[in-house]
1. Over segment B:345-427, consider all pairs of different Cα atoms and compute the Kirkwood hydrodynamic radius from their mean reciprocal separation; express it in Å, one decimal.
2. In angstroms, what radius of gyration and Dmax does chain A have, counting Cα atoms only?
3. Which of rounded, prolate or oblate describes segment B:234-383 when judged by the alpha-carbon gyration tensor and an a/c cut-off of 1.5?
4. What shape does segment B:440-569 have by the C-alpha gyration tensor, where a ≥ b ≥ c are the square roots of the eigenvalues, rounded means a/c under 1.5, and otherwise prolate means a/b greater than b/c and oblate the rest?
5. Going by how many other Cβ atoms sit within 10 Å of their own, how do B:523, B:200 line up, fewest first?
6. Using only Cα atoms, what is the ratio of the radius of gyration of segment B:57-98 to 2.2 N^0.38 Å?
7. Report, in deg cm²/dmol and to the nearest 500, the calculated mean residue ellipticity at 222 nm for chain A, where each DSSP H run with n ≥ 4 adds -39500 (n - 2.57) and the sum is divided by the residue count.
8. Compute the whole-percent fraction of alpha carbon pairs in segment B:35-75 spaced more than 16 Å apart.
């Protein structure tokens, strides 16, 4: 991640209980037992992350792990007890109410788990709503709204009401609505969790193709590790309000920071996570046309197994940087960690 | 059911027996011991609250002022603000614009014709739902015209049309304020509790003092009475909005005002309309009571007829109120539904084609105003064509009384002799210190020391005001009615839940009973049983029956189907299923229904004072006729205290039952 940092948070704490601010001032780095003694619940504890521009950053955790609280601290829907949130270098927690309204109107978008569509407005009016509260010119707002409605594939349903749509369609409206102001930073709070598995997969694919076109900076919340692996550039795993590990899916699988993380990664087929770059033996070698460093093993496994010798691996610029042979692939597919 | 009697149950039983025995023989006992103060609260110990209160109100009205603005100025300003729109509507609907106040050349307009009003409600009914509703409300308004109730009905309608927007709008505003400021809600909650439990009569007196006798006073009283539920529903509805929707609103950068009016209120609109409907029904409920302090219209007709014991006229006017209530209720409900529905906007076309009905009504209005000069029947329904059923009702009553006098008398005497009087005697015989002690104990058992303190404190206060005996009569009348209402209502509710056809019929009956203004119950009962406690009881039972039925039906219906299936699989007969599964699980709900029944019974008490009961209700009523503020408020508060004690005890009991069944932790 060499590109510049879009959003970063430093030492975010969100504590619930009596007089939490003074408590945090007196004990700047409370441990779990400190909190327990004071009768305070730590919903988010000392969270620090950096999210790069154009990145899909997934925050993954089970229910009660504090992931929703953290994302609400990042968007300042909840006031954190301590810490700072820097968005394009501006500390959001210091922004006045007025400044915050301006930032939200133009730079942030959010998609909600249960869609949060306004029941009294049509699809088009719902999508236009963010522009309406900004008092944007009506014709312009409507044109823009129609454009994003089409983008999410709902053309023809503009005059329907939310309750007339299926869950998947409703979430498309939610997505269109959050994109209508062309946000720089896009929060998605478990957007697909309320959908059926089949629809969920379809929506994930569409989400990826949408992102391929739009290149937003994305904070995506999920409790589903499969989903996280499928979508993420990087994943932060949370437990009991703390971030346990921040890493790419591949790193998580190869180097889990704790047993807790490993427990999630166990059931993930490694061939779908590991890349050719991660598996190759460095140095020149192999013969035949090269495969790319970023290719997932599952996509190239067949070719490597069918090849007579090692297959060369090239980096993004086409330079050969290493090679992979049959054994390595067999190890991933059938060896330790492959099917366990 | 045979239950092992453990120590605790034994103590409870013993205490109950002691209380009853004390009730029976307390009077003799106190005489024998020469301690009459045990039964009759000694007058030397009475602390008079009423005089300071009266003096306080007098000071408020006559002297209180902040700077140059006196309290009276404020009340006058309020009165003026209410009076202006009211006068306008009244002139429009009933009186006509009779004088050209500024200059003599102002055209005098007659009131809107009965034809136009009827057409307008029919058109509105069609707009809100369908021709069925349109026909119903049209028939209601035609009835009012044909039976000669039109003028009074329009006066009543005018006051409803003023009170409802103020009550609903004001309630919405207060509710929003309380939603935004949690402290406000905490302050408001006990006030709302008290406002809903104090009988209306109690605050009629101070209002009379502040605003004088007249329609404005009546409107103020109506608004105060009808607003609290709207406030409650607003707070609840706003809180029930999905937190995600609130987050969404803030995420798109709404200002506080945009968040409230463009996100929260529209999302909650469905529940809010329920509140508006409540306001309408309560307003209509107040119609007769408000006429005691100067509202004209149908309420005044009923009251006047009741005072003359002119059964026929009272009945007719009473039915007219019911008819008006039904029309307004159905219209407002349909309107609420309509608002929640999808209405594709009509594009293009001219205003007239888009608003056909409005155009029709406006054209008719103009036509009747012009042509009315030549054909008065177009403006006022001709008196010669009105029907009256007054004589018919008089005759019916006469016939019943002549031929079935003995039967009615026998029923009445039976109930008095074997049901009401024993309860009354027992309650009046219980020494007041014992009663307070028992209530405290009960409070402690049901809800810990706080409830004990509340029960003991409030009952002690009632004793100190010297109203103990009257309070006991109140408890007796209310208690007897509640027992009867429960005995009738709960089985009805169970039946309604178990049998679909019975359910429909009972639902209809209960709906009708709830639409009727409370006064209307008195009329037929007085016709048959004349004045007295028995009449009062019947009227209270009819009025308070609805919640007992409703909650019982709801409780039985809501028993989880898994449990029913488990019962069937275990081989329960239908009877066992009811007794062992359904009833116990529905108990908390049934208790809440009884709680509501008690509340309604207490609110009806003051009204029954009109037929000669001798309880706190009568005390309030007397205070009203003498304009004795202190006396009225003290007695009203005593009723409120009884209501609060009953409410808290039953609620604690229901909670206990729910915890026992694991439905609540």
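1. 19.4
2. 22.5, 69
3. oblate
4. Values: a/c = 3.24, a/b = 1.22, b/c = 2.65.
Oblate is the answer for segment B:440-569, as a/c is 1.5 or above yet b/c matches or exceeds a/b.
5. Taking fewest neighbouring Cβ atoms as first place, the list is B:523, B:200.
6. 1.64
7. Taking each H run of at least 4 residues, the total per residue is -11000 deg cm²/dmol.
8. 55
We did not get these values from a lab; they are worked out from the coordinates using the rules stated. Just so we're clear, the structure is a prediction, and the values are computed from it rather than from any experiment. Here the Cβ is made from the backbone with ideal geometry for all residues, glycine too, and neighbour counts use every protein chain on show.
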